[in-house]
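Structure first, then comments.
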């Protein structure tokens with residue numbers, strides 16, 4: 001999966017989903033960033049925790065990301081911890097990443113329609 | 001004198017007055033618009049102002065036709081071609097601006113239709129071919145100028161109409177609130193109706209066809225007014241006043 005991560009955009013998308021009452025998954029900026037970083041590296045490459053923090057540090061502290069890795073990503077088998085501070089995305093994780101990518105496309109589509117309607121008095 | 005001419009002039013008067021009132025109402029609502037929808041509002045004002053001007057000139061032409069002054073009639077017909085051809089510009093601008101969101105792209109694309117309009121008027125002035133026939137329904141301008149007719153239909157008619165209908169289909173298939181959809185679609189439909197019959201009116205070969213076109217134009221203008229300023233009956237149908245419990 002070819003992925004480019006823009007923290008500001010992901011924040012915008014997360015805020016949109018939160019406004020719809022979806023605060024987990026697509027509406028959680030931490031979840032979005034972590035799964036996208038893992039998917040960017042793919043299932044054959046180890047993703048370092050420091051790599052994830054490069055993106056998440058702008059929106060969250062280290063502790064909350066660490067606990068999210070354990071309580072959500074590892075618990076639901078979205079990632080496998082292969083070494084200290086090293087994770088590999090699983091098949092379920094790739095599905096989740098695809099869903100997050102689709103949620104961005106849906107947001108873009110809604111935004112496009114809203115912008116179009118805004119131009120009509 | 002035939003009653004048909006009075007019906008024709010009455011229809012012209014009704015269309016020009018309703019369009020003028022509509023333009024003024026849109027102008028009064030202009031301050032409520034934001035930065036994004038101002039160009040669309042201005043274009044809408046331009047469309048209805050031009051329709052109004054076109055029919056004011058047509059009233060004068062019909063009155064001149066009664067007096068039988070052919071030269072003045074021709075001059076008035078040529079003047080009426082200016083608003084008639086210019087109507088396509090704001091229509092194209094509205095569609096392009098709404099879809100692309102870029103004001104400059106809208107201006108550039110609609111400028112192409114300015115060229116078509118200019119070419120149409122130029123061919124009529126240069127090659128002539130306009131015959132005035134006075135029927136029981138009023139004066140008809142029958143164009144035998146093939147080049148002008150081709151420019152008119154292919155350049156000024158097909159593309160703007162297709163653009164409006166395309167936008168209408170896009171809006172119809174989008175998931176937006178029904179009342180908003182109703183307003184937008186009815187506005188687009190009425191612009192399309194008015195534009196189509198405006199062109200049919202100018203190429204009509206019989207008096208009946210001309211009057212029928214004018215009736216449809218009148219209906220289109222009224223529909224457009226009702227789309228922008230819907231009566232309470234329509235509004236209450238979409239918003240039945242449900243009490244919200246906090």
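Does residue B:65 satisfy the criteria of being in contact with a strand residue (DSSP E or B) (Cβ under 8 Å, 6 or more places away or on another chain) and in a helix (DSSP H, G or I)?
Yes: the conditions hold for residue B:65.
Between B:53, B:47, which is within 14 Å of chain A (Cβ to nearest Cβ) and buried (at least 21 other Cβ atoms within 10 Å of the Cβ)?
None of the other options fit; the residue is B:47.
Scan the stretch B:206-226 for residues that are modelled with pLDDT of 90 or more and either on the phi > 0 side of the Ramachandran plot or outside any helix (DSSP H, G or I) (or both) and jot them down.
If the condition is that a residue be modelled with pLDDT of 90 or more and either on the phi > 0 side of the Ramachandran plot or outside any helix (DSSP H, G or I) (or both), then no residue fits.
Taking the criterion of being more than 25 Å from residue B:184 (Cα to Cα), crowded, with 18+ Cβ neighbours inside 10 Å and away from chain A (no Cβ under 14 Å), would at least one residue in the stretch B:13-36 satisfy it?
No, that holds for no residue.
With the condition kept exactly as written, say whether any residue in the stretch A:48-64 is at pLDDT 90 or above, surrounded by fewer than 19 Cβ atoms within 10 Å (Cβ to Cβ) and in contact with a strand residue (DSSP E or B) (Cβ under 7 Å, 6 or more places away or on another chain).
yes
Has the stretch A:94-106 got any residue that is within 14 Å of chain B (Cβ to nearest Cβ) and either in a helix (DSSP H, G or I) or crowded, with 18+ Cβ neighbours inside 10 Å (or both)?
Yes.
Residue B:139 is checked against (1) part of a helix (DSSP H, G or I); (2) away from every other protein chain (no Cβ under 14 Å); (3) surrounded by 15 or more Cβ atoms within 10 Å (Cβ to Cβ); (4) more than 18 Å from the chain's Cα centre (by Cα) and fails just one. What number does that condition carry?
Among (1) part of a helix (DSSP H, G or I); (2) away from every other protein chain (no Cβ under 14 Å); (3) surrounded by 15 or more Cβ atoms within 10 Å (Cβ to Cβ); (4) more than 18 Å from the chain's Cα centre (by Cα), the lone unmet condition for residue B:139 is (1).
Here's a check for you: in the stretch B:227-238, which residue that is surrounded by 11 or more Cβ atoms within 10 Å (Cβ to Cβ) and assigned to a loop (DSSP other than H, G, I, E, B) is modelled with the lowest pLDDT?
Out of the qualifying residues, it is B:230.
Looking only at the stretch A:16-61, count how many residues are touching a residue at least 12 places away in the same chain (Cβ under 8 Å), closer than 27 Å to residue A:112 by Cα and in a helix (DSSP H, G or I).
Within the stretch A:16-61, residues that are touching a residue at least 12 places away in the same chain (Cβ under 8 Å), closer than 27 Å to residue A:112 by Cα and in a helix (DSSP H, G or I) number 17.
Tell me the residue from B:114, B:89, B:119, B:78 that is modelled with pLDDT of 90 or more, buried (at least 22 other Cβ atoms within 10 Å of the Cβ), assigned to a helix (DSSP H, G or I) and away from chain A (no Cβ under 14 Å), please.
B:89
Can you tell me which residues in the stretch B:173-189 are more than 10 Å from chain A (Cβ to nearest Cβ) and outside any helix (DSSP H, G or I)?
Answer for the stretch B:173-189, where residues must be more than 10 Å from chain A (Cβ to nearest Cβ) and outside any helix (DSSP H, G or I): just B:173.
The values are calculated or read from the model by the stated rules, or taken from the named source; none is laboratory data. Since this is a predicted model, take the numbers as computed values, not measurements. Every residue, glycine among them, receives a Cβ derived from its backbone with ideal geometry; neighbour counts consider all protein chains shown.
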